[in-house]
Each structure stands twice: as structure tokens, then as C-alpha cells.
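The values are calculated or read from the model by the stated rules, or taken from the named source; none is laboratory data. Everything quoted here is computed from the prediction, not taken from an experiment. Using ideal geometry, Cβ is built from the backbone for each residue, glycine included, and neighbour counts are taken over all protein chains shown.
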Amino acid sequence: MSAATISTHGVMEGGGAYNLHAKVPAGGGTLALPYLEKAARSCTLLPGGDPIVIADYGSSQGKNSLAPMRAAIRCLRARVGCARFDLPDAAWADYQRDGNVQALVSRHAAFFRAVFVPSLASTIEDADSRQAFANGLEQKLKQRLRERPAPFHSFVQVIVVAKQGYSIIEE
């Protein structure tokens, strides 16, 4: 009788592990690219000064999110032009200035909880379980930041598309 093979890696463990083990999701994403491009070419752009924002909430290391973002940006640029901005980490800048690790931890945890936890917990139907899950994620993040303060790399990139004569900031 042979022993079953047990995987000893976790795909979200860092160090490139996700990209090494993301072939199936990447393949599925590649199949969807023509549909994303069609949507970006044909979506209605309403008149007015409101920007169009594309947010990539990728939790990977880029393998699966870079190609779709490139495709959407390329199609929208062809229509109206756009500029890309990386979001600065103001909490990290404050921490570098004042060394207040508790303020850094609190601000990063609040951002994470507001932006990412709702979608991460959305499949948990029971409200108490959903709350416990959210609390657990927040506590782990806080612990990690207290032990090893670091800037928050949210992998959220904002794309602003200029419309009707609004200026475009060049990359």
C-alpha cells in the first residue's frame, strides 16, 4: 500500500509560492481575457468629471492579476487615455517620522478590515462566525505588524481615466 502524497506548501506562503502553483487559475484567467477586453472596449463611459476607477484587489504576487489589468488599461487608454497611480502608504510615512508603532498598527488594521475583510468573509453565512473570522484576521495582522513593522502593500492600484478634457497625469 502506497502512502498518499501530502503537499507541504501553502499557496499564500510568500516567496513566490503562489506564482509557482497558480497555473490552473492563470489558465482560466487567460481564457477570460477576451471577455474583459470586450467589456473594457464597450462599457458605457458616462459624461462628466467622475473618474473611472479599476481596482485590482489581487491577493497574489501578480501572476494572475497583471495580465487582466494590462488588458483593461490598454483598452481604456485606446478610448480615452489614463494615468496610473500607486497608492502611497501615509501611515508608513508617519511611522517613519514619529516611530509610533501603535498608530501604524491601528491604521493598517482599520484599512485592511474596511477594504479586504468584507469580501474575504462574504461567503460565511453565520454572522457570529463571520465576525470571529474578521477579528482573527485583524488580530494576526496586528501581531505581525507589532513584531515586524512594514509598509502596507495592498496590491490595490488605482487607474484614473480622464474624460471630457480633464488633464491626464503622464506615467
Requested in this report: Exactly one condition in (1) surrounded by fewer than 13 Cβ atoms within 10 Å (Cβ to Cβ); (2) modelled with pLDDT of 90 or more; (3) not aromatic (Phe, Trp, Tyr) is not met by LYS142; state its number.
Outcome: (1)
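Conditions (1) surrounded by fewer than 14 Cβ atoms within 10 Å (Cβ to Cβ); (2) among the acidic types (Asp, Glu); (3) modelled with pLDDT of 80 or more, marked per residue:
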| site | (1), (2), (3) |
| --- | --- |
| TYR35 | yes, no, yes |
| ALA39 | yes, no, yes |
| ALA55 | no, no, no |
| ILE73 | no, no, yes |
| ASP94 | no, yes, yes |
Report summary line: Residues in segment 75-86 that are part of a loop (DSSP other than H, G, I, E, B) and at pLDDT 80 or above total 0
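Tell me, which helices (runs of 4 or more DSSP H) lie completely within segment 87-139 with 2 or more residues that are over 20 Å from the mean Cα position of the chain (by Cα) and farther than 15 Å from PRO149 by Cα? Reasoning before the result, please.
Numbers: elements: 90-98, 101-115, 117-120.
Helices (runs of 4 or more DSSP H) meeting the threshold: none at all.
Just to be sure I understand, how many residues within segment 147-157 are at pLDDT 80 or above and either in a loop (DSSP other than H, G, I, E, B) or touching a helix residue (DSSP H, G or I) at 6+ places or on another chain (Cβ under 6 Å) (or both)? Spell out how you get there, then give the answer.
Residues of segment 147-157 at pLDDT 80 or above: 147-151.
Filter once more, so that each one left must be either in a loop (DSSP other than H, G, I, E, B) or touching a helix residue (DSSP H, G or I) at 6+ places or on another chain (Cβ under 6 Å) (or both): 148-151.
Number satisfying all stated conditions: 4.
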